[in-house]
Amino acid sequence: MIGSFPYHCQMKTSLDNRQGVLFAIPAVIWGSTWYAITFQLGQVDPLYSVAYRFILAGVVLIAFCKIRNISLSFTREQHLRILLQALCLFGFNYWFAYQSEQYIASGLVALIFSLIIFLNMGFGRLILKTPLRKHVMVGAILGLIGTALIFAPELLAYEMNRKTILGLAFCLGGVLMASLGNITSAYNQQLHQLPVISTNAIGMLYGGVAMFLIAWVSGKPISFSPTLPYVLSLIYLAIIGSIISFTAYLTLIGKIGADKAAYALVIVPLIAIIISMIFEDYRLSWLAGLGIVFLILGNVIALRKSS
């Protein structure tokens, strides 16, 4: 039965030290990838850059599994489950997000992607039969308010027109795919005992190839930039931003649930702001500072011990 695994037993405690590390890793790393991605922009189409990122990540992770004698043997049914997870989490999620940023700014994208907690709670309840936890809901609402305050000037400058609506549609599609990818990972781990590392190895390769095919079928010319900034940022995004961060994040999902784990994504803008203050001379406004307070408060409430 879908709802038979002991999620309600696993959620009784707040984050222990190991889970805290698993939570911090994707939050910090994905907060830094916004800066790393700036070195990817230019001559190479973003879809190809994402494809290169996940193909490289998949190849490296497969090599790691071979060296460590980690089994990569899956049945046809298991491959289909891995493919579904990959298309949601390493494919369409990124494709829709990149498409949305052609029409709306990254601040609005960050705000919409913070809705993933609510989607994870909804899909978790519908598919995995996990209980809805009030303190996670309250924390998620505070996180949403905090994100809105951080990007308030950017959001207030928007006019609702056809391009904005199209961008919002793509962005909502991206966060929907990301949430379904989260729930699929939890489902694969809990009900089918699919290991995270080997699943990610095959899945990232699937996702990267899918992105490459989408770009190629769309008529985008194949390109690659051999410059040092592009190559180094690609390696960083593949190894650190994909292999390490997704392994930690999806492992966390299996341990504390997709709703709590998703809060790591909500505090990504906070990490991105800190990095921007260091490297890009970003000046923190009082409104953004208030947003950070809401983010931290939501984080404390969402991850506290369940009653």
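Values computed for the structure shown
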item: Backbone HN-Hα couplings from phi across the range 113-129 [Karplus 6.51/-1.76/1.60, Hz, Gly and Pro as x]; result: 5, 6, 6, 4, 4, 5, 5, 4, 5, x, 5, x, 5, 6, 9, 9, 6
item: For the range 89-192, alpha-carbon Rg over 2.2 N^0.38 Å; result: 1.16
item: Candidates ILE116, ILE67, ILE197: whichever shows maximal mean-square fluctuation once the chain is modelled as a Gaussian network with Cα springs under 10 Å; result: ILE67
item: 3J(HN,Hα) from dihedral phi, the range 37-51, Karplus parametrisation 6.51/-1.76/1.60, rounded to Hz, x for glycine, proline; result: 5, 4, 7, 8, 7, x, 6, 8, 4, x, 5, 5, 4, 5, 4
item: Contact order relative to length of the chain, as percent, for alpha carbon pairs under 8 angstrom and 6 or more apart; result: 43
item: Rounded to whole Å, sorted largest first: equivalent-ellipsoid semi-axes of the range 22-168, Cα gyration tensor; result: 30, 23, 16
item: In sequence order, calculated HN-Hα J values of the range 17-34 (Karplus, 6.51, -1.76, 1.60; Hz; x Gly/Pro); result: 4, 5, 5, x, 5, 4, 6, 5, 4, x, 4, 5, 5, 5, x, 7, 5, 4
item: Ranked by how many other beta carbons lie within 10 Å on average, peptides 250-263, 119-132, 178-191 from highest; result: 250-263, 178-191, 119-132
item: Cα-based radius of gyration of the range 226-295 once divided by 2.2 N^0.38 Å, which approximates compact folds; result: 1.40
item: Cα centroid separation - the range 39-73 against the range 228-267, whole Å; result: 13
item: Cα centroid separation - the range 108-139 against the range 157-220, whole Å; result: 17
item: For the range 129-247, convex hull of alpha carbons as volume per residue, Å³; result: 194
item: Ellipticity estimate at 222 nm from DSSP helix runs (n ≥ 4, -39,500 (n - 2.57)) divided over the chain, nearest 500; result: -22000 deg cm²/dmol
item: Taking only Cα atoms of the chain, radius of gyration then Dmax in Å; result: 18.8, 55
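Where a number appears in this text, it was derived from the coordinates with a stated rule and is not lab data. Treat the numbers as computed from the prediction; the structure is a model and nothing was measured. As a convention, Cβ positions derive from the backbone with ideal geometry for all residues, glycine included, and neighbour counts pool all protein chains shown.
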